[in-house]
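Read the structure below first, then the notes.
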Amino acid sequence: MVELANPKPNEKVADLGSGDGRISIEFGKKKCIVRGFELDLNLKKNCEEKIKQLNLENFVTISQEDFWTVDFCDFDIIAIYPMPDIIDALEKKLHKECKSGTRILLNYYSFTNWKETKQKDHVFLYTI
Ligand SMILES: C[S@@+](CC[C@H](N)C(=O)[O-])C[C@H]1O[C@@H](n2cnc3c(N)ncnc32)[C@H](O)[C@@H]1O
């Protein structure tokens, strides 16, 4: 995901359903300003421990927040490993909210109606 996104330092990254934080952390290592959204409090806490151990607190923050309630207009990069049943709703939401130039990365699943800009292995990159 990081390779396809080619992130620059200080770019704003949203990780939708950040889980154990593996995606957020990799973008944080590139000095991006990352916000992970995760409903599960235990996953959030475990992830925050890792962030602390890696001294990435200035780069990565995890919010216990439902990403469907967040407006993604202000992010440069959006990353998600989605469940297949949300793909179409997610496609509509991101098309509506994201600014021009935003890169969207999907792990494993692809959007139904949107042609990817690039694909490598199981990762799809879309550009608004
Ligand atoms: C398939 S896992 C992916 C985890 C991680 N991104 C990865 O690649 O390993 C999906 C995660 O999204 C979280 N999640 C599902 N729906 C969510 C929502 N509406 N808002 C925030 N987190 C959500 C789940 O708790 C779970 O940790």
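None of the figures in this text is laboratory data; all of them are computed from the coordinates on show. Not measured: the values here are computed from a predicted model. Positions of Cβ are backbone-derived with ideal geometry, glycine not excepted, and every protein chain shown enters the neighbour counts.
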- Item | Cα→Cβ-extended label distance, 7 Å offset, between residue 20 and residue 53, nm | 1.1
- the chain - percent relative contact order, Cα under 8 Å, separation 6 or more: 24
- In nm², the average projected area of the convex hull spanned by the Cα atoms of the chain is 7.0
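Summing +1 for each Lys or Arg and -1 for each Asp or Glu, what net charge is found among the other residues whose Cβ lies under 13 Å from the Cβ of residue 45? Working shown, then result.
Details: positive: 44, 50, 52; negative: 20, 38, 40, 48, 49.
After counting each charged neighbour, the total is -2.
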- Any idea what angle helix 87-97 forms with the longest principal axis of the chain, computed on alpha-carbon atoms, 0 to 90 degrees, nearest 10? 80
- Note on the structure: Here the residues of the range 94-116 lying in the modelled label zone of residue 8, meaning backbone nitrogen under 20 Å from a point 7 Å along Cα-to-Cβ, are 98-105
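Hey, what's the per residue convex hull volume over the C-alpha atoms of the range 23-64, in cubic angstrom? Mind showing how you got there, number by number?
Details: hull volume 2.2 nm³, N = 42.
Output value, Cα hull per residue: 52 Å³.
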- Folded to 0 to 90 degrees: helix 41-53 orientation relative to the chain principal axis, Cα: 70
- Out of the DSSP beta bridges found with both residues in the chain, what percent are antiparallel (nearest 5)? 30
